[in-house]
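Scroll down for the structure; my scribbles are underneath it.
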Amino acid sequence: MAIMRLWHGEVAIDKADEYERFMVDRAAPDYASVDGLLKLYFQRRNENTRAHFLLVTIWDSIESIKKFAGAEPELAKYYPEDDNFLLKKEKYTSMYEVFYEK
C-alpha cells in the first residue's frame with residue numbers, strides 16, 4: 001500500500017521565488033534519488049507577506065521513506081539552506097496510507 005507524506009513550510013514572500021528554485025534544484029533531486037518514490041508534488045500558495053509551501057510525496061512503502069528521512073520517517077528532513085528561508089521548522093510531517101487511487 002502506498003504512503004503519502006506531507007510537509008509544510010512558510011517563507012517570507014520576498015524569499016519565496018528563491019526558495020522555490022532551491023526546492024526544484026536541491027530538494028527534488030534528493031527525493032528522486034531514493035528508490036521507492038512514486039510521485040513528488042511541490043506546491044506554493046502566496047498569502048500576504050508569506051508563501052506557504054506544501055510538499056506531497058507518494059512512496060511505495062514506509063521502508064522507502066526511511067531510506068530518505070531516516071529511522072523516524074514522521075520527522076521532517078531539512079537541508080542546511082533551509083535556515084536561510086523558513087520562518088519556522090515544523091518538527092513533523094503527516095503520513096497517510098493511500099487506500100484508493102484512480
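The values are calculated or read from the model by the stated rules, or taken from the named source; none is laboratory data. Note that the coordinates shown come from a computational prediction; the quantities given were computed from them, not determined experimentally. Cβ coordinates were reconstructed from backbone atoms using ideal geometry, including for glycine residues, and neighbour counts include every protein chain displayed.
I want to confirm something. Restricting to segment 62-89 and keeping residues that are hydrophobic (A, V, I, L, M, F, W, C) and within 12 Å of the chain's Cα centre (by Cα), which single residue is surrounded by the fewest Cβ atoms within 10 Å (Cβ to Cβ)?
The initial filter retains those residues of segment 62-89 that are hydrophobic (A, V, I, L, M, F, W, C), namely 62, 65, 68-69, 71, 75-76, 85-87.
So of that shortlist, the ones also within 12 Å of the chain's Cα centre (by Cα) come out as 65, 68-69, 75-76.
On the way: Ile65: 22, Phe68: 18, Ala69: 20, Leu75: 12, Ala76: 16.
It comes out as Leu75.
Kindly list, by first and then second residue, each pair from a residue in segment 12-36 that is in contact (Cβ under 8 Å) with a residue 12 or more places away in the chain and over 12 Å from Phe53 (Cα atoms) to a residue that is among the small types (Gly, Ala, Ser) and in a helix (DSSP H, G or I), limited to pairs with Cβ atoms under 7 Å and residues at least 6 apart or on different chains.
So the pair list comes out as Val34/Ser64; Asp35/Ser64; Gly36/Ser64.
Taking only segment 7-61 into account, find how many residues are surrounded by 14 or more Cβ atoms within 10 Å (Cβ to Cβ), among the hydrophobic types (A, V, I, L, M, F, W, C) and part of a helix (DSSP H, G or I).
Final tally of qualifying residues: 5.
Let's see how each residue does on (1) over 15 Å from the mean Cα position of the chain (by Cα); (2) among the charged types (D, E, K, R):
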site: Trp7; (1), (2): no, no
site: Ala12; (1), (2): yes, no
site: Asp17; (1), (2): yes, yes
site: Glu20; (1), (2): no, yes
site: Pro29; (1), (2): no, no
site: Leu40; (1), (2): no, no
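If you check Glu72, Glu101, which single one turns out to be farther than 12 Å from Gly9 by Cβ, assigned to a loop (DSSP other than H, G, I, E, B), modelled with pLDDT of 95 or more and not small (Gly, Ala, Ser)?
Testing whether each residue is farther than 12 Å from Gly9 by Cβ, assigned to a loop (DSSP other than H, G, I, E, B), modelled with pLDDT of 95 or more and not small (Gly, Ala, Ser) leaves just Glu72.
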